[in-house]
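See below for the structure under consideration.
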Amino acid sequence: MRIWRNKRKTDRSDEDHSFQVLLQRLTESDEFTQFTYASRSSTLCIGYYTSLVDTEILHRDILPYLKELEIMNALPNVLPIEEVSLEKDATKIQEQLLRGFILIFDINNLNQMGLAKASVERTRQVTIPEVEFSVVGPKEAFVEALDTNINLVRKRLPLADLVIKEMQIGNLSKTRVSVLYIDGIANQENVNTVVQRLSELQVDQINDSSYLTQLIQDNQNSPFPQLIDTERPDRIASVLGDGKIAILVDGAPHGLIGPTTFFEFFSAFEDYFLNWTVASFFRLVRFFAVFFSILITPIYVAVLTYHYELIPKDMLSTLVTSRSAIPLPPIMEAVVLELTIELLREAGARLPTKVGQTIGIVGGIVIGTASVEAGLTSNVLLIIVALGALASFTTPVYQMGNTIRLIRFPFLLMAHYIGLLGVAVSFCFLLIHLLRLSSLGRPFLEPFYPLRVQDLKDSLIRLPFSMQTKRPIQEQTEDTMRFNPMKAKEKDDI
Amino acid sequence: MEKKELQVSPFLVFFIIHAVQVGVGVLGFQRVIMKSAGNDAWMVVIAAGMLVSFIIWLMYVLLNRHQKDIVQIHKELFGKWVGGVISLIWIIYWLLIGIVTLRNYLEIVEVWMFPTINMYMFTLIFTILVYYCVTGGFRVVTGLSFLGVCIPFYLFFTFFFPVEFAHFRNLLPIWNHSIKDLTISIKDMILGFLGFSTLLMYYPYIKHPKKSQKWAQLGNLLTVVIYLFILIITIGFFSEGQVSKQIWATLSLWKIVEMPFVERFEYIGITSWVLIILPNICFSVWAATKGIQKIFNLKPKKVLLVLLSILFCTSVAIQSRGEIALLSKIMSLIGLCLVFVYIPLLTLISFFISKMRRGKLEKSS
Amino acid sequence: MKRVLNIVVLSIIMSMFLSGCMNIKERILDDIQLATAAAYEYIDEDKIEVTAVFPNFQPDKSVKNETLVASSILSKEIRDKHSLQSEKPLVSGKLEVTLYEKKTAERGIKDLLDTLQRDPSVGSNVYLAVIDGSPRELLSKQYGNMDNGIFLSNLIEQNIESGLIHKTNLHQFLYKYYAEGIDPMLPIIGRKDGKINLKAIGLFDNDKMVDHIEEKEYFYLKILLNRKGENDTHAIQLDGNTKVSIFNIRSKRKYQIPKPMTNNEIIIQVKIKSMIREYNDGILTKQKLKELEQAMEEDIKKNSEEMIKKFQEKKIDPLGVGEEVRTRTRKWNKEKWEEIYPDIKISVQVTMDIIESGIIE
C-alpha cells in the first residue's frame, strides 16, 4: 500500500496537471475552504483549511491588500506578513497548507502559487508544573507548543551558542523534534549520537516525548528509563549548562535529557533551590526510600517464610499474633496487598483528580481496615506495604517511580522461592543489569561505577554551589569549568 | 593492548584483586591455619600476604615486559602448540577456582540455611547470573567486583559485635610456635589469596597498566588486613579448642550479633556473601572464556556457554563434603604450583629468551 | 524481538520450575512451634527427658506458656517425639535458654551440648543455666505474660546487665569448656515462694558441676573475673553498727605472675573506684572514708582469697588463673599446670578508692 502511494507521489511530472490533482484532493475534505476574489487585474482564488487558519489575519492583513495586487510575483511585497512565498511544487504547497498557510493563486495563471502564513496557534497557557512541583523556585512548565517551549529555554539561556537542531519524525505525524545543546560545552559525540538515532528512526507517529525515550534509549527492553523527562524549563536550562543534550518534541509538554545517570533520576530539581545541607538530606532520604520500597516486602516474606531465627524475641509476639488468624501464606498475602495498592494507584490515575483522591482515601482506609478485620492480611504487613508504596512515590521522576514499583514483584517471588538468598540473587541481577545499562553510550551507574570522585558532589548528596566548579565528567564536556573557582572565592564583604 | 573503550582505570585493579582473593575462604580459613600455627596464625597471614605481594610484583615484571596477556606470551615464547597447552592448564585452573568457589558456597547454603535445597535449580540460578554478567564484557565484570567490594563492606562493622566477648590475651605469647609449624600454615593460608592470577589475563584491559601495580599491591593489602582483622577477632573470641571444631568460624562469629531489629546475623552474612562470591566466579569464568577465545579464535558467547555448562555439571556432580574438600585440594595444589613455581620460572625464561633474541639481533646486525 | 521472547520464555520457565523444584521446606512463622526453652534431665543411665517450652500466642496479645515432655536417648530424637504431641512442628531456632537439672549437671553435660553446637539454627546467645528442682514442674508454671523461655532469658539478661551475675551464654560456656586454664560457670535457678530466682552460681570442672558459690560471693567473683569491671555492688558491715553499701564505678584487675609455671606466688591486683550508695552512720568525714576504704579492702581480700582457696581445693579454675599463666608461657603444658595449680599461693591485693558519696554529705 505504502509503496504504491509513494510511487504515485513521485510520478507527477506535469505540474499543471499535478496541481489540478492536488486541488481536487484538497477539496475532498469539507474543511478546505475555497473562494474566488476579484483583484484589480485578475480573479484570484483563495484556499485554506478553516481549522488551521486565523481568519482575522485573513480579513485584516490579506484580503484588503490583495485588491492592489497586479501580478503574482509582487505578492510578497504587497502582503504585510513575514512569511509569504511563491511555490511551484505541489507537494510543498500541500505541506504548507497543512501548516496553516493560505493558498493564493490566479485562476488564469497556475504557474505561480502564493502562500501566506496565517496559522492559528491553539495552545495552553504556560502553567505551573504539576508532576515536578516545587514549593520554591520557578513555576513555569512546558506546554504542547514547541516554539513556546524553546522560548522558555532560550529566555533562560540568552546564548548564541545554544544550538537547536530541528528535524521531522514520523511518516504520519511529521512531528517537529528539536535537539538542544550548547555548542562548546556539549560533547559533539553525544550530539551526534542523538541526532543519528533520531534521524534513523522509522516510526509513523510521535505523539509525545515518551515515545522517543522508548525508541532511542540504549536498552529498549530495560524497565529503567535511560533518559530523564522533565516538564521544567529551568531544569533543561540547567542541564544544558552541564553539557547534556535536551530533546523537545512538538506536542509534548515534557522534554528529554540525556546522557543521564541512575542517580539523577532521584534528584528533584527543587534540591537546587534549597540549602545544600537540606537538599543532601532529602536526597539521602529518597535513596533510602527506594531501597526500602524495593526490599522491605520481600524481606518480610523471606523472613516469615523461612528465616524465623532472624526475628528478635521481643518482636516475635507482635508478628505471630498479627499473622495467627491468617489463612494465606505470606507470599499470597503480600502479593494481594501489593496488587491492591497498585489497583488503587491505577484507579486513581485513570479517574479525574477529585474522584481519584477519594478513591485513594476510601480504598486505602476501607480496604485496608476491612482486610485486617476479616483476617485476610496481617496489620504488620499492611503497614509495611503501605510504607513501601509511600516510599516508591518519593521518586521525583515519574517513569522511574513506575519502574521501582514493578521490580518489587520479581523480588517478592524470589523471596518466596529461596528466602533471603532469593532477595540477594535478585539484587545481584539488578546490579548487573544496571551495570550493563548506558545512557547515550555513557555508563548509567556513574559516578559510582566508574568511580568519579569529582562527580559525587552532585549525586547522592549535593554540595554547595561554590564547590560545583567543574562540569560532570559523565558528559565528557568540551569546556570542563563552570566558572573560575579562584574568583568565586574572592568575596569582599563576607 | 585492547581497545580504549574496553579498558578500565588502573585503580579498579585494587577492587579486582581484592574481589578475586576474598571468596568463601574468609568464612572458614581460621580452623585450617590455626591447626598448626595456633595463636601465632596472624603472622602467617602477614607472611602469606607478603609472598603473594612478591608474586604480584613478579607478574608485573613479566607483563610489563611483554604488554600482552599470558596466552599471547605463551604463544610468543613457546610457539603455538606448546604455548597453547600451557595456557590451557591455566584456563582449567581458573575454571576450577570458579567451580570450587561456587560449590563451597553452595555447601554453606546447604548446611546453614536450606538442607533440602534443590542443587540443580540453585546452581542454575547462579549460572544464569554469571552468564548475564560475563556477557556484559570486562567492564561489567569489573563493575560487579567493584560493587561486590563496596556494598558488602558493611559486614566488616558487624565483626565489632564479638569484640565484647573477646579475650585478646589469647594472642599472647607471641612466637609460641616453631617456624616449621608456621610454614605449614602459610601454605594453607595462601589458598585464601589465590585467584589473583587472573591478572595475567586482564592486564591488557587496564589503562596505563604499568601504573596499576601499586593498586594491585594495595588490593592485596586490603585482603591481608581483612583476613588479619577477622583472624584476630577469632583468636580472641574463641578458645583454640573451640576453633578446631568450627568449620566456618566466621559464620559462628556472627551468631553472637544481636541488633534490635535482627538477630542471628550469620543468615544475613551468608546472604550478603552472594555479592562477594559472584564477582569471584564471574572473574574466573571471564578469564577462562577470554583465554579459550584467544587460543582457538572462537565466539566468546559459545565458549562461555560451554564453560558454564561444565561449571554447572561439576558443581552438581560433587556431592559430599569429602568430595568438595578433595576438589579444593586439587585446585590449591595446581594453584600453588602455577603461581609459586611456574610464574617465577616463566619470568626467568622470558628474561633469557628476550636476551637471547636481542643477542641474535645484535649479531645479525 | 527474539531476545525479548527468550527473556519472557526463560522467566516463565524459571518461575514454574522455581515454585516446584526449589524443594526448600517452608517454615512459616505461624505454622511452627517455636521452642524457647529446653530443660534436660537424665532419667536413667542414658535416657534423657527433655521439657520443651514454647509460647502459645493468643489473639488478645497474651501469651500462654506451654510445655511438652518426652524422653529418649538423643535430644534431636526427642524433638521428633515432641512433635508427635504438637499440632505444629517444633523448631529450635529461637531457643533462648537451655536448662540442666542439677544431678544431670553434676553428671556432666558434654553429650547434651553437642546438639546445640551442631545445629546451625541454634544461636550463641542462648543462656545456659542449672536448675535446682524438677524442670518439668518449674517450667510448667506461668510467671508473667510470656512463656518461660523468654521469661528466664529476660531474667538472666537483666541480671547480667545490672551487674549482679557474670556474663554467660552458650558461647562463653563453650569458650571456657574448650579453653585450657579456665573452667565454666553457670547460674543456678531455683524456685522460692512460687517465684523463680537466681540462687547461686554453679562451678564446673570441664562439663561437670562440682560446686557452687552463694549470692553473697558474686561480687568477689565478678571483680576478679574480668580485666575491667563496673556496675557491681557490695555491702559490708563494719565492727559496731556501721553498714555501708558501695557501687563499683570502675574496677581494674591485673595479674602479677613473676615466674609462670612454678610454685611462685601469683598476685592479683584489683583497683576499685567506687561510690557510696548507702551509709547508716552519720556524717561521712574524710577520716571515716579512709576507714571505710580500708575495711572494704580487707573484706575483699579476705573473702576472695578464701574463695580462691576453695577453688584450688576443688581443682577448678573459674577465674582463669591458668589462662593468665598460659598466655605468659611458651610451650604450655596443661597436665603440669593442673598438677601445680592447687598448691600455688594466690594472693589478692585490693586498692579501694571511694570517689563519690552520693548527693548528700
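Within region C:236-263, can you find the residues that are out of contact with any helix residue (DSSP H, G or I) (no Cβ under 9 Å at 6 or more places or on another chain) and among the β-branched types (Val, Ile, Thr)?
C:ILE249
For region C:229-249, enumerate the residues that are free of Cβ contacts under 8 Å to residues at least 60 places away in the same chain and either assigned to a loop (DSSP other than H, G, I, E, B) or closer than 20 Å to C:ARG326 by Cα (or both).
C:LEU238, C:ASP239, C:GLY240, C:ASN241, C:THR242
For the subset of region C:299-328 comprising residues that are farther than 19 Å from C:ASP211 by Cβ and touching a residue at least 40 places away in the same chain (Cβ under 8 Å), which member is surrounded by the most Cβ atoms within 10 Å (Cβ to Cβ)? Steps first, please.
Pass one, region C:299-328, residues farther than 19 Å from C:ASP211 by Cβ: C:299-302, C:323-328.
This time we only want the ones that are touching a residue at least 40 places away in the same chain (Cβ under 8 Å), so: C:299-301, C:323-326, C:328.
Working: C:ASP299: 19, C:ILE300: 22, C:LYS301: 18, C:GLU323: 21, C:GLU324: 22, C:VAL325: 22, C:ARG326: 27, C:ARG328: 17.
So, considering only residues that are farther than 19 Å from C:ASP211 by Cβ and touching a residue at least 40 places away in the same chain (Cβ under 8 Å), the one surrounded by the most Cβ atoms within 10 Å (Cβ to Cβ) is C:ARG326.
From (1) more than 12 Å from chain B (Cβ to nearest Cβ); (2) among the small types (Gly, Ala, Ser); (3) under 14 Å from the mean Cα position of the chain (by Cα), pick out the condition that doesn't hold for C:GLY149.
(3)
Checking A:LEU344 against (1) surrounded by fewer than 18 Cβ atoms within 10 Å (Cβ to Cβ); (2) more than 12 Å from chain C (Cβ to nearest Cβ); (3) without any contact (Cβ under 8 Å) to a residue 24 or more places away in the chain; (4) over 30 Å from C:ASN145 (Cα atoms): exactly one of these is not met. Which one?
(1)
Out of the residues in region B:167-185 that are surrounded by 20 or more Cβ atoms within 10 Å (Cβ to Cβ) and part of a helix (DSSP H, G or I), which is farthest from the other protein chains (Cβ to nearest Cβ)?
Only one residue fits best here, namely B:SER185.
Hey, can you tell me all the residues within region C:95-146 that are among the β-branched types (Val, Ile, Thr) and within 14 Å of chain B (Cβ to nearest Cβ)?
Residues satisfying the conditions are C:THR115, C:VAL122, C:VAL126.
Of the numbered conditions (1) of a type in the set (Gly, Ala, Ser); (2) away from chain C (no Cβ under 14 Å); (3) farther than 27 Å from B:ILE334 by Cα, B:SER145 fails exactly one; give the number of that condition.
Of (1) of a type in the set (Gly, Ala, Ser); (2) away from chain C (no Cβ under 14 Å); (3) farther than 27 Å from B:ILE334 by Cα, only one is false for B:SER145: (3).
Could you give every pair whose Cβ atoms fall below 8 Å, whose first residue belongs to region C:250-268 and is among the small types (Gly, Ala, Ser), and whose second residue is in a loop (DSSP other than H, G, I, E, B), counting only separations of at least 6 or pairs across chains?
C:SER251/C:GLU230; C:SER251/C:ASP232
Sort through C:ILE73, C:ILE78 and tell me the only one that's more than 15 Å from C:ASP147 (Cα to Cα), surrounded by 14 or more Cβ atoms within 10 Å (Cβ to Cβ), among the aliphatic types (A, V, I, L, M) and more than 14 Å from chain A (Cβ to nearest Cβ). Give the derivation first.
Numbers: C:ILE73 fails: surrounded by 14 or more Cβ atoms within 10 Å (Cβ to Cβ).
Criteria check complete, one pass: C:ILE78.
If you scan region A:149-192, which residues turn out to be of a type in the set (Val, Ile, Thr), under 16 Å from A:GLY258 (Cβ atoms) and out of contact with any helix residue (DSSP H, G or I) (no Cβ under 9 Å at 6 or more places or on another chain)?
Passing the criteria: only A:VAL191.
What do you reckon, is A:GLU95 of a type outside the set (A, V, I, L, M, F, W, C), outside the structural domain of A:SER178 (by TED's automatic domain parsing), outside any strand (DSSP E or B) and closer than 30 Å to A:SER267 by Cα?
Values: of a type outside the set (A, V, I, L, M, F, W, C): yes; outside the structural domain of A:SER178 (by TED's automatic domain parsing): yes; outside any strand (DSSP E or B): yes; closer than 30 Å to A:SER267 by Cα: no.
So A:GLU95 does not fit the description; no.
Quick one: is A:LEU97 modelled with pLDDT of 80 or more, surrounded by 19 or more Cβ atoms within 10 Å (Cβ to Cβ) and under 39 Å from the mean Cα position of the chain (by Cα)?
Details: modelled with pLDDT of 80 or more: yes; surrounded by 19 or more Cβ atoms within 10 Å (Cβ to Cβ): yes; under 39 Å from the mean Cα position of the chain (by Cα): yes.
Yes, satisfied.
For region A:310-326, give me each residue that is more than 7 Å from chain C (Cβ to nearest Cβ), surrounded by fewer than 19 Cβ atoms within 10 Å (Cβ to Cβ) and touching a strand residue (DSSP E or B) at 6+ places or on another chain (Cβ under 9 Å).
If the condition is that a residue be more than 7 Å from chain C (Cβ to nearest Cβ), surrounded by fewer than 19 Cβ atoms within 10 Å (Cβ to Cβ) and touching a strand residue (DSSP E or B) at 6+ places or on another chain (Cβ under 9 Å), then A:PRO312 is the only one that fits.
Restricting to region B:238-263, and then to whatever is more than 19 Å from B:VAL163 (Cβ to Cβ) and aromatic (Phe, Trp, Tyr), can you tell me which residue is nearest to the chain's Cα centre (by Cα)?
Keep residues of region B:238-263 that are more than 19 Å from B:VAL163 (Cβ to Cβ), which gives B:241, B:244-245, B:247-248, B:261.
Imposing the further condition that a residue be aromatic (Phe, Trp, Tyr) reduces the set to B:248, B:261.
Working: B:TRP248: 18, B:PHE261: 34 Å.
That would be B:TRP248.
Do you know which residues across region A:353-402 are of a type in the set (Ser, Thr, Tyr) and buried (at least 19 other Cβ atoms within 10 Å of the Cβ)? Give the derivation first.
Going through region A:353-402, the residues of a type in the set (Ser, Thr, Tyr) turn out to be A:353, A:358, A:369, A:371, A:377-378, A:392, A:394-395, A:398.
Those that are of a type in the set (Ser, Thr, Tyr) and buried (at least 19 other Cβ atoms within 10 Å of the Cβ): A:SER371, A:THR377, A:SER378, A:SER392, A:THR394, A:THR395.
Mind listing whichever residues of region A:188-227 are surrounded by fewer than 22 Cβ atoms within 10 Å (Cβ to Cβ), aliphatic (A, V, I, L, M) and not in a helix (DSSP H, G or I)?
Listed by number, the residues that qualify are A:LEU201, A:VAL203.
Identify all residues within region B:13-29 that are modelled with pLDDT of 90 or more and out of contact with any Gly (no Cβ under 6 Å at 6 or more places or on another chain); write none if there are none.
Of everything in region B:13-29, those that are modelled with pLDDT of 90 or more and out of contact with any Gly (no Cβ under 6 Å at 6 or more places or on another chain) turn out to be B:VAL13, B:PHE15, B:ILE16.
When the residues of region A:438-469 are filtered to those that are part of a strand (DSSP E or B) and under 23 Å from A:VAL278 (Cβ atoms), which remaining residue is farthest from the other protein chains (Cβ to nearest Cβ)?
Here is the first cut: in region A:438-469, the residues part of a strand (DSSP E or B) are A:438-439, A:442-443, A:458, A:462.
The next check asks that each one be under 23 Å from A:VAL278 (Cβ atoms); those that pass are A:458, A:462.
Numbers: A:ASP458: 19, A:ARG462: 21 Å.
That would be A:ARG462.
Sort out for me the strands (runs of 3 or more DSSP E) sitting completely within region C:58-172 that have 2 or more residues that are under 18 Å from C:LEU29 (Cα atoms).
Fully inside region C:58-172 and qualifying: C:63-72.
Taking only region B:264-319 into account, find how many residues are part of a helix (DSSP H, G or I) and either within 14 Å of another protein chain (Cβ to nearest Cβ) or under 21 Å from the mean Cα position of the chain (by Cα) (or both).
Initially, region B:264-319 is screened for residues part of a helix (DSSP H, G or I), giving B:265-296, B:300-317.
If we keep only those that are either within 14 Å of another protein chain (Cβ to nearest Cβ) or under 21 Å from the mean Cα position of the chain (by Cα) (or both) too, we end up with B:265-292, B:301, B:304-305, B:307-308, B:310-312, B:314-316.
Residues that pass the stated criteria total 39.
From the list B:ILE233, B:ILE226, B:ILE190, exactly one residue is assigned to a helix (DSSP H, G or I), within 14 Å of chain C (Cβ to nearest Cβ) and in contact (Cβ under 8 Å) with a residue 12 or more places away in the chain. Which is it?
Numbers: B:ILE226 fails: within 14 Å of chain C (Cβ to nearest Cβ); B:ILE190 fails: within 14 Å of chain C (Cβ to nearest Cβ).
Going through B:ILE233, B:ILE226, B:ILE190 in turn, the sole match is B:ILE233.
Output the number of residues of region B:243-262 satisfying the condition of being surrounded by 21 or more Cβ atoms within 10 Å (Cβ to Cβ) and out of contact with any Lys or Arg (no Cβ under 7 Å at 6 or more places or on another chain).
Within region B:243-262, residues that are surrounded by 21 or more Cβ atoms within 10 Å (Cβ to Cβ) and out of contact with any Lys or Arg (no Cβ under 7 Å at 6 or more places or on another chain) number 8.
Would you point out the residue of region B:94-118, among those that are touching a Ser or Thr at 6+ places or on another chain (Cβ under 8 Å) and within 23 Å of B:TRP254 (Cα to Cα), that is surrounded by the most Cβ atoms within 10 Å (Cβ to Cβ)?
Once the filter is applied, the top-ranked residue is B:LEU102.
Does at least one position in region A:228-249 carry a residue that is within 29 Å of A:LEU430 (Cβ to Cβ), part of a loop (DSSP other than H, G, I, E, B) and among the polar types (S, T, N, Q)?
Checked against the condition, which is being within 29 Å of A:LEU430 (Cβ to Cβ), part of a loop (DSSP other than H, G, I, E, B) and among the polar types (S, T, N, Q), region A:228-249 yields no hits at all.
Please find, within region B:134-182, the residue that is nearest to the chain's Cα centre (by Cα) out of those that are polar (S, T, N, Q) and under 20 Å from B:TRP254 (Cα atoms).
In the first step, residues of region B:134-182 are kept if they are polar (S, T, N, Q); the result is B:135, B:142, B:145, B:158, B:170, B:176, B:178.
Still in the running and under 20 Å from B:TRP254 (Cα atoms): B:158, B:170.
On the way: B:THR158: 23, B:ASN170: 29 Å.
Only one residue fits best here, namely B:THR158.
Any residue at all in region B:120-131 that's more than 30 Å from A:THR305 (Cβ to Cβ), touching a Phe, Trp or Tyr at 6+ places or on another chain (Cβ under 8 Å) and either of a type in the set (Ser, Thr, Tyr) or buried (at least 19 other Cβ atoms within 10 Å of the Cβ) (or both)? Walk me through how you get there before you give the answer.
Of all residues in region B:120-131, those more than 30 Å from A:THR305 (Cβ to Cβ) come to none.
No, region B:120-131 has no match at all.
If I filter region A:411-429 for residues that are more than 22 Å from A:THR230 (Cα to Cα), outside any helix (DSSP H, G or I) and away from chain B (no Cβ under 12 Å), do I get at least one hit? Break it down stepwise before answering.
Within region A:411-429, the first condition is being more than 22 Å from A:THR230 (Cα to Cα), and the residues that meet it are A:411-429.
From what is left, the residues that are outside any helix (DSSP H, G or I) are none.
No: region A:411-429 contains no residue that is more than 22 Å from A:THR230 (Cα to Cα), outside any helix (DSSP H, G or I) and away from chain B (no Cβ under 12 Å).
The values are calculated or read from the model by the stated rules, or taken from the named source; none is laboratory data. Just so you know, these numbers come straight off a predicted model, no measurement behind them. Please note: Cβ atoms are built from the backbone with ideal geometry, for glycine as well, and neighbour counts cover all protein chains shown.
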